[in-house]
Amino acid sequence: MSSNILTIIKELANMRQLDLDKIEKVINDSLLTVLGRKLKTENELEIIIDYDRNYLAARFLKEVVLNDETLGQISIQEAIYDYDENAKIGDMIRVEISIQSLEPKLIKNAKEEMAHRIKRLEDDRKMFDYEKQKHQIVYGKVKKSDFNGYTVDIGFAEGLLPVEEQVENEYYKIGDHIRCFVLNIKKRGSELIVILSRAHPEFVKKLIELECPEVVAGDIEIKKIIREPGVRTKVAVKPLKNNVDALGAVLGQKGLRIEQIKKELHGETIDVLEWNENPEILIANAIGPELIEKVYLAAKGKFARLVVSDENKNYAIGKNGKNVRLAAKLSEYKLDIFTKQEFEEKISEERRITSHVNELDGVSTKISDVLKEHGYTSVQDIYKASVNELKNIESIGEKIAIKLKEAAKHF
C-alpha cells in the first residue's frame, strides 16, 4: 500500500484541488482509526508519512508474549531474534511496520476509511466554493419541473427554485434560460442543495447592482427594498457623495436602466425614491411626492395621516391598496390617506368625541346633567343623535334639541 498510496493521494489532491496538509491528516486519522481498533492506548500508536521516500508506516509498542495472537503482541521468539536478545515476556517493544506489510483486511479497511474521509473533505471544499456564490445572481437553464419547483442547471451545480421562491404567474419550460438569486446553500446528508429565488427583495438589489455601477462603487447606497413579487417594488436610495444624483443614476438615461430590470422581472412596477431621515419627507417620497399635499405625524407612536387631492386619492392608495401598503412597510409607519374634506371631518369627529357636552354653546349645567343621565356625555353623542331622540328627553324640548344639534354640527 505504501509504495503507491502517497503518490496516488498527491495526484488526487491536485486533481480535486484539495489541500495536501488536510489529505495528510486524512491518511493519519484513517490509519489511527483502523489500527486503533486492533490496539490499546498503551500501544502508543503513531503514523509515519514520508512523501520524499514514498513511505507510509505505523510505529507502536508490542507486548512480548509466548505466542502472539493480536496486532499489539509479539512472540518472545520474534522479539529476541529481531529486536532485543534480552527481551522477556511482559516487556513492551517498539516496532515500525510498513503499512503494505499489514494483513490485507486491515489495508482494505484503511483504504475505505480514507476514501470516506476524502469524500467528506471534497464535500467541505465544494460547500466552501458554493458559499462564495451565496447571495449572488446566477444564470442557468431549467432542467426539470415538479411539485418541489424548478431544477436549474447553474453551471457549478444544480439549483432548486422552490415554489415559495417563485413569482406568481411566472412559468418556465424545460430548456428556458433563467436568472436567479442564490438564497442559500444547504447540506442534506452528502448532497449539497443550492436554493434559488426570484421573489426575494435582494434579487432586485442585485439586478440594480448589475445595471448601476455607482451602487457597486459605493457612490449610492440602497437603503431599503420592499417588494410584492410580480406586482410592485419600492427601492429607497441614498447618495453617498454630494455630486451624485441617486435617483437619476438608478433610473438611467431616459429610464433605460430601470426598464432593463423591469424586463427581467416581467413588467413588475419599480418605484425608485430618495431616502430621507425625516419621516415626513420619506413617507411623501414613498407614496409619491407629487401626490401628497401634507403629512401629519402623530405625537406618539408611528402613525401618520396624509392629505391628498380628490383626484389623487386613488393613485396614492394604489390598486388594491398596494402603493400605500408598500409605503407603510418602507417607512415603518401606519398610514391613513384622506382628502382635505375627509381630513377636516375626521379632525372634527375626534374633537367632538373628546369634548364634553357642557362645552357646547348654550348648554347649562342643568341641561348637561340631564343629558349625562340619559347617556349623552360627549359632543359626538349629540352630533349622532336625531332631533326626535333629543326632544323626548325630560327637560329637553324640540327648540333646545335643534339648538344642541346645530351647536354640535359647528363645534
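Listing for the model above:
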| read-out | value |
| --- | --- |
| Filtered residue count, the range 83-102, keeping only those that are under 24 Å from Asn54 (Cβ atoms) and either under 53 Å from the mean Cα position of the chain (by Cα) or at pLDDT 85 or above (or both) | 8 |
| Single residue of Glu268, Glu264, Glu274, Glu290 found to be free of Cβ contacts under 8 Å to residues at least 24 places away in the same chain and charged (D, E, K, R) | Glu290 |
| Test: residue in the range 77-88 that is in the same structural domain as Cys180 (by TED's automatic domain parsing), in a helix (DSSP H, G or I) and either touching a residue at least 40 places away in the same chain (Cβ under 8 Å) or among the hydrophobic types (A, V, I, L, M, F, W, C) (or both) | no |
| Among the residues listed as Arg117, Arg125, the single one being on the phi < 0 side of the Ramachandran plot and either of a type outside the set (Lys, Arg) or in contact with a helix residue (DSSP H, G or I) (Cβ under 6 Å, 6 or more places away or on another chain) (or both) | Arg117 |
| Selection within the range 25-74 - among the aliphatic types (A, V, I, L, M), crowded, with 19+ Cβ neighbours inside 10 Å and in a helix (DSSP H, G or I) | Val26, Ile27, Leu31, Val34, Leu35 |
| Options Ser98, Ser145: the member that is farther than 25 Å from Leu210 by Cα, touching a helix residue (DSSP H, G or I) at 6+ places or on another chain (Cβ under 8 Å) and touching a residue at least 24 places away in the same chain (Cβ under 8 Å) | Ser98 |
| Qualifying residue in the range 177-186 (condition: in a strand (DSSP E or B), modelled with pLDDT of 90 or more and of a type in the set (Val, Ile, Thr)) | yes |
| Only listed residue being touching a residue at least 40 places away in the same chain (Cβ under 8 Å), over 20 Å from Glu344 (Cβ atoms) and not acidic (Asp, Glu), chosen from Leu360, Leu404, Leu371 | Leu404 |
| Residue under evaluation Ala115, criteria (1) part of a strand (DSSP E or B); (2) among the small types (Gly, Ala, Ser); (3) surrounded by fewer than 16 Cβ atoms within 10 Å (Cβ to Cβ), criterion not met | (1) |
| Candidates Leu161, Leu210, filtered to the one that is closer than 18 Å to Val237 by Cα and either surrounded by 15 or more Cβ atoms within 10 Å (Cβ to Cβ) or at pLDDT 95 or above (or both) | Leu210 |
| Evaluation of Ala304 against (1) farther than 29 Å from Asp336 by Cβ; (2) touching a residue at least 24 places away in the same chain (Cβ under 8 Å) (one fails), failing number | (1) |
| Those residues of the range 316-334 which are farther than 20 Å from Lys223 by Cβ, free of Cβ contacts under 8 Å to residues at least 40 places away in the same chain and surrounded by 16 or more Cβ atoms within 10 Å (Cβ to Cβ), in sequence order | Ala316, Ile317 |
| Output for the range 215-258, where each listed residue is buried (at least 19 other Cβ atoms within 10 Å of the Cβ), assigned to a helix (DSSP H, G or I) and of a type in the set (D, E, K, R) | Arg257 |
| Helices (runs of 4 or more DSSP H) wholly inside the range 345-411 containing at least 2 residues that are among the charged types (D, E, K, R) and within 30 Å of Leu306 (Cβ to Cβ) | 379-384 |
| Residue check for Glu164: among the charged types (D, E, K, R) and either closer than 14 Å to Ile193 by Cβ or touching a residue at least 60 places away in the same chain (Cβ under 8 Å) (or both) | no |
| Enumeration of residues in the range 148-158 that are in contact (Cβ under 8 Å) with a residue 12 or more places away in the chain and surrounded by 13 or more Cβ atoms within 10 Å (Cβ to Cβ) | Gly149, Tyr150, Val152, Asp153, Ile154, Phe156, Ala157, Glu158 |
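The values are calculated or read from the model by the stated rules, or taken from the named source; none is laboratory data. The model shown is predicted, which means the values in this text are computed figures rather than measured ones. Don't worry about glycine lacking a Cβ; one is built from the backbone with ideal geometry, like all the others, and counts go over all protein chains shown.
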